[in-house]
Structure formats: structure tokens, C-alpha cells
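I have placed the structure first, in the form of C-alpha cells, so that the comments after it can refer back to it.
Each value in this text was obtained by applying a stated rule to the coordinates, not by laboratory testing. Note that this is a predicted model, so its numbers are computed, not measured. Here Cβ is always computed from backbone atoms with ideal geometry, including for glycine, and neighbour counts include all displayed protein chains.
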């Protein structure tokens, strides 16, 4: 047994084993010892607590890594990359052009910086869609993993129940069942409920049975597309369920999953990323509105858009993916950059030194406007509003990284405690092996002396 323990010291999920010994009584008298089988040295309470933290850790890890990605794309300073830098560059370029309105080169810089803003909005909007799509795909993969694991545990239950559970074979099967249960706990928190004949049922902390004798099927239907109007609330996206009981995180169901990979993925797909997208739309809408003010440009038709516009003209959700540059100022679309100075409706160039419209545009994006929409609250200029948006993304990143750090520390401590209780201490096992060798040598010496005494008696 010592050799088996040492050989499996690094095997995941292996629980230290020992030989079960008892007093051998014959005709009322002690007659040595007998072997009763193989025992597993597992502390079930510690293992159950560690599995709970495994679910929490999986959730925290996914949320932290996702918001780290989002925050890096948004940017948090004018020196880095991202939307914040693009807005800062646009404001700076417009300020320079207002000082040198005759400069065609400076006008091109303004146009390029405006296009950079558009590209950043498009990129971030696509990022949100991609992350939602990926989350939905991983939920579907998790469904398959959990269903397969539940079926495996059902089969292991059947094997274990039909054999002597004090054998090494049974111990190996119980270890394997524990490893499969660990896999499930990465996706959602579960508890093992002991049943007769060494079997277990599996139930969520909320009381939903995933396995009760037989494995139940976790149900989920992946989506083929993601648009701003596709939500779980309007039935366009699938939830997670077992036998008609909703496990969907954030739902009003008593069975709603509280953590694990499912908890993180549904939070991202249905809460965090849609909020992120609507905030992007808010920023895009604010920029379009500021520069569409009829007081800025007397040459354009009242009510028409300014430098930035909604390419669909609908104002529907998903504006950040549709924002574009007014064709009147874009040579690539048949326009001319001098209209930045002379007006979007100008049919000919005006005085090259006139910066009236440019200063009005600059004043509009610098003006401090109050807003309370989609989590963005306060009074901001256009660039300040983006900075606030970047700050909110950074706060989500920091918040999730802090949670991850805390849970990771707890999980490591509990895993070490579990290893100390259930795992193999090679040094201790080697000491035990030495004791066994010494006992064997001592017994051999006793037998040798007894044999010598018998032989001597026979000689007499």
C-alpha cells in the first residue's frame, strides 16, 4: 500500500490509502491480526468546501480575464491605445486646425482622427459581439461537458455499488468519481449526497438534483447570431435548465446558478457585455448630437447630421457599430476636407482664415453636459465622458481582479489543507516503509531464534 501511495503522490484526485487491520479472534482468544481491506483517508468536509471554491475561482478567473481584455481595448490614458486616446487626438487635432484653418494638412489630420474614432467604435462594438458569441459557445460546450460527466458518475455509481468497497479497485473508482465531480464543479457549484451502497447523488446548493439515481440532462440551445436586440428576456437567447427548472444565472428561478463558469459566462453574455454595448451607443450618440447642433454650421440643412452620423439613420440600438463620417468632408466618399472649415453644405471654399465653424465644433465637444444614462452619470465634455467610460471599464477590471486574487488565495490554502488531509506525504510514507522493514526484520529475527531453539531442543 505504501508503494501504491508513493507511486500516485502526484496523481490528481488520488486519496491516500491504507490497509484496514483488525484483531483476529479464534475461539475467544486473540490470534494475531487480519486484513479487512483498503481504506481511503479522505476528509469529505474539506473536499466539499474546496469544490465550492473551485466554482467561485472559475467564475472569477473568466470575469477577470474578460474585463482585462475589454479595458485594454478601451484604453485609460491619452498615451495608450483605444477609444480614449482617439477622442483626445481628435480634440487636439481640431484645436490645431482652429488655429491654422488654412492648413490642408491639419484638416486631413482632423479627418484621420475622426475616422480613428469611428474605427474604435466599430472595433469595440464588434468586440462585444464576439465576446457574447464566445460566451454562448462556451456555455454550449459546458453543457456537453457536464452532461457527459453526470453520465460518467451514474456509470461509476453502478460499478461501485456492485463491489466490495474495501478493495483497491473500488478505491480507484471512487477517486475517479471525485475527479469527474471536480470537473462539474468548475461549471457550477454542486454537492455530493451519499446514498446506499456507496453511491452518490449530485445536487446544486439551491436544491436542484442533477443526478438522482440517474443523470438528468442540462439543456441549452446556442444562438447562431448576436444583435443588440437579442436578449434572454425577449426569448431570443437560450437559458440553462434541468427538467424545466431554470438554472440561468441572474434569473428569478430558485435554481439560478450562483457561480462557476456558467455563472461567469451568463453574466458576460446577458449583463456585462450588453451594458458595455449600450454605453458605447451612449457615447456615439452624444458625439453625433454635439456636432449636429444647427448653431455650429449655418450651411447645413437644419436637422441634418454634422461631422458624425448614424449610417442607418434609425437611432436603434447598435449605434456604435453604425457611426460613420459625413461624406461631405471625406474625399474617399466624394467630399472635401475644406468643408470642415467652411461648412458641410458649402458649395465652394470660403475665406481660408475663417475658423468660426471650427471653433464652434471645438466648443461643442468641450462643453460640459449632464448625463445619466446606462451607468454613465455626471457632467462631462465629450472627451471627459469617454474618460469616465474608460474609468468604469477599469473599475470593473480592478473589481474582478481583486475578487480573483482573494478567491485564489482561499482556494490555494484550502487545496493545501485538502492535500495534507487526503494526499500523499512521500516523506511520511517512506518513514512508514522503514518502520515496516524494521518490523519485518525484527519478526524474521524472532522466527530465526525460535527455529534455533527448536532445533536445539530436538538435538537434546
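Under the 0.36 nm per residue contour assumption, what length would be gained going from the current alpha-carbon distance of residue 252 and residue 312 to full extension?
Extra length from residue 252 to residue 312 when fully extended: 18.0 nm.
If Rh is defined by the Kirkwood formula over all Cα pairs and Rg also comes from Cα, what ratio Rg/Rh do you get for segment 245-373?
On the way: Rg = 21.2 Å, Rh = 17.5 Å.
Dividing the radius of gyration by the Kirkwood radius yields 1.21.
Determine by what factor the alpha-carbon radius of gyration of segment 193-268 differs from 2.2 N^0.38 Å, reporting the quotient.
Scaled against compact globular proteins, the figure is 1.28.
As a rough guide to protection, the peptides 281-289, 51-59, 190-198, 302-310 ranked by mean Cβ packing within 10 Å, highest first, stand as 51-59, 281-289, 302-310, 190-198. Mind grabbing the base-10 log of I(q)/I(0) for segment 275-337 at q = 0.15, 0.17, 0.22 Å⁻¹? Debye formula, identical points on the C-alpha positions, no solvent, two decimal places. Scattering profile of segment 275-337, log10 relative to I(0): -0.47, -0.59, -0.90.
Shown for 129, 368: other C-beta atoms within 10 Å of each C-beta, ranked fewest to most, produce the order 368, 129.
As a rough footprinting exposure proxy, the listed residues 449, 365 were ranked by other beta carbons within 10 Å of their own, and the order from fewest upward is 449, 365. The packing ranking of peptides 96-106, 251-261, highest mean first, is 251-261, 96-106, where packing means the average number of other beta carbon atoms within 10 angstrom of each residue. Each of residue 209 and residue 399 was given a label point 7 Å from its Cα along the Cα-to-Cβ line. The distance between the two points is 3.8 nm. Protection proxy ranking, highest mean first, for peptides 348-354, 337-343: 337-343, 348-354, where packing is the per-residue count of other beta-carbon atoms within 10 Å, averaged. Entry note, segment 113-249: relative contact order of 23 percent, from Cα contacts under 8 Å with a spacing of 6+ residues. Placing pseudo-labels 7 Å out from each Cα toward the beta carbon at residue 408 and residue 368 gives an inter-label distance of 4.0 nm.
What Kirkwood Rh does segment 46-413 have if only Cα atoms enter the pairwise 1/r average? Answer in Å.
Details: mean 1/r = 0.0423 Å⁻¹.
Kirkwood hydrodynamic radius for segment 46-413: 23.6 Å.
For the Cα trace of segment 49-126, dividing Rg by the Kirkwood Rh returns an Rg/Rh value of 1.32. Averaging the Cα positions of each part gives two centres, and for segment 81-133 and segment 226-265 these lie 37 Å apart. Taking label points 7 Å from Cα along the Cα-to-Cβ direction, residue 295 and residue 275 give a separation of 3.5 nm. Quick one: go through segment 330-354 and flag any residue whose amide nitrogen is under 18 Å from the point 7 Å out along the Cα-to-Cβ line of residue 103. The answer is 337-342, 352-354, whose backbone nitrogens lie closer than 18 Å to the label point.
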